[in-house]
Amino acid sequence: MACPIALVTRLSPEEEDAWADALNAALLDETVTSVRSMTPEERERCEIAIVANPDPADIALLPNCRWIQSVWAGVERLVAELADRPVPIVRLVDPALADKMAEAVLAWTLYLFRDMPAYARQQRAHLWKQRPYRRAEEMTVALLGLGALGQAAALRLGEAGFRVAGWSRRPKSIDGVACHAGEDGLKTVLAAADILVCLLPLTEGTRGLLDAARFGQMREGASLVNFARGPIVATGDLIAALDSGHLDHAVLDVFDTEPLPADSPLWDHPSVTVLPHISAPTDKRSAARIVAENISAYRVDGTIPPMVDIARGY
C-alpha cells in the first residue's frame, strides 16, 4: 500500500482539516494526512507532499519527498523558502481558478468603466451630478500577463465589448487581443491603457516593475487593477501618481504585507479601493480533483506533472 501523502500547511487547524477532507474525498485510493500526524516511518517513506504555505521545517521532516504539489497557483514564496532544497514543485493549474479571476477582472473593470469611484466621492460630497457615458469599445483594457489567468480575462473582457491589449514576457498570439512583448511592447501597452490590469507572477524581473517611470508612461486619468502580487507595484510611487491626478484610481487586492497593516495610507486614500485578497479564491473541491489527477498519473508511471521553472520563479 502506498505511504500516506503528507499535507503540509500553515493554515488554521480547521482550514487544514477542510483541505484534508476535500483531498481524501478526491483521492479514493490514497490517504492524505497532516505531516504532524504522521509517524517517523511514514515521514521517511513519504514521496509526495501537498502544501499550502508550508513551513520549510515541516518539509524537512520528509527526507525522501520526490515532489511537492501546491494547492495554490502562486508559488513565489514556496520557491524562495525552499531554495536550499531542490524538490520539484508543481503549482495548481485549475480552469476554475482562471474563470474566477476572469470574473473578478470583468467586475472591477466595469466598476472603473462606469465611474463608480467618482460617484462614491460625489455621494460623500452630497453632489448630484451625472457623468458622461463612455462606450466599452472606446476603452482599452490592458493586461500584464497572458498566461492561463490573463487569457481567460482577455476573453471575458472581449465578450463585454472592450478593446483588449496584453503584454507578456514572451510573444503570444491571442484572437481579439493586441499582444505585445519586450520593453517596447510594455511601453506601448502602458500608453494605450485606460485600465491596466496586472496579473503577472512575482519574479526578480517583475518586482517593482510598476514604478514612477512606468506610471509616467500611462495616459492621464488611467486606472490600475492589481490582482497579481503586491511587490510588483511600488506603493509610494502609486500613491504619488494618484495624488498628482495622473492616475485616477487603483483597485488593489494584493499588498507587500498581508493582511494590510492598519497604519497603511492605502486604507483611507480616496483614490484606492482595498480588497482582502479575494479576486480568485481557490475552490477546494475543484483543486482537489486537479491534485488527484496529478497524483494518479504519477502512480501509474512515476511521471511528475509539469514543474515550476525555478529560474523563472513560476
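List of remarks:
- Inter-label distance for R219 and V87, nm, one decimal - labels placed 7 Å from Cα along Cα-to-Cβ: 4.9
- With all protein chains modelled, accessible area of Y111 [1.4 Å, Å²]: 50
- A 1.4 Å probe over all protein chains sorts L275, L149 by accessible area into L149, L275, starting with the largest.
- Karplus (6.51, -1.76, 1.60) ³J(HN,Hα), θ = phi - 60°, over region 298-306, in Hz, Gly and Pro reported as x: 5, 5, 5, 9, x, 7, 7, x, x
- If you sort I310, I5 by accessible surface, 1.4 Å probe, largest first, the order is I310, I5.
- If R0 is 35 Å, the Cβ-Cβ spacing of R170 and W267 corresponds to a FRET efficiency of close to 0.40.
- The residues packed around V177, meaning those with a beta-carbon under 13 Å from its beta-carbon, carry a net charge of +1 if Lys and Arg are +1 and Asp and Glu are -1.
- Estimated at 0.36 nm per residue, the fully extended path between R45 and A80 surpasses their Cα-Cα distance by 10.1 nm.
- Whole-Hz Karplus values for region 258-270 come out as 10, x, 4, x, 4, 8, 5, x, 5, 3, 9, 6, x Hz, taken residue by residue from phi with 6.51 cos²θ - 1.76 cosθ + 1.60 and θ = phi - 60°; glycine and proline positions read x.
- Computed extension length for I278-Y119: 54.9 nm, one decimal, from 0.36 nm per residue of separation with the Cα-Cα distance subtracted.
- Between the beta carbons of D21 and W128, assuming R0 = 51 Å, the FRET efficiency works out to 0.45 to the nearest 0.05.
- Answer label for Cα extents along the principal axes in Å (calculated), chosen among [x] 69, 42, 33; [y] 77, 45, 39; [z] 60, 44, 34: [x]
- For a paramagnetic label modelled on L28 (point 7 Å from Cα along Cα→Cβ), amide N atoms under 20 Å away belong, within region 285-309, to 285-301.
- T206 - accessible surface, heavy atoms, 1.4 Å probe, Å² rounded to 10: 20
- Residue-span extension gain [R66 to E159] - 0.36 nm each, minus C-alpha spacing: 29.2 nm
- Using the Cβ-Cβ distance between A297 and T257 with R0 = 22 Å, the FRET efficiency computed as 1/(1 + (r/R0)^6) comes to roughly 0.05.
- Residue-wise HN-Hα coupling along region 163-171, computed from phi with Karplus coefficients 6.51, -1.76, 1.60 (Hz; x: Gly, Pro): 6, 10, 10, x, 9, 9, 5, 10, x
- Each principal axis of the Cα atoms in region 96-274 has its own extent, and those three values, largest first, are 47, 35, 33 angstrom.
- Based on C-alpha pairs under 8 angstrom that are at least 6 apart in sequence, region 96-274 has a relative contact order of 17 percent.
- With Cα atoms, 0 to 90° folded angle of helix 95-113 axis to the chain main axis: 20
The values are calculated or read from the model by the stated rules, or taken from the named source; none is laboratory data. Remember, it's a predicted structure, so these values are computed and weren't measured experimentally. Every residue, glycine as well, gets a Cβ built from its backbone with ideal geometry; the counts of neighbours run over all protein chains shown. The accessibility values were calculated without ligands, DNA or RNA, using every heavy atom of the protein model including side chains. Shrake-Rupley method; radii C 1.70, N 1.55, O 1.52, S 1.80 Å.
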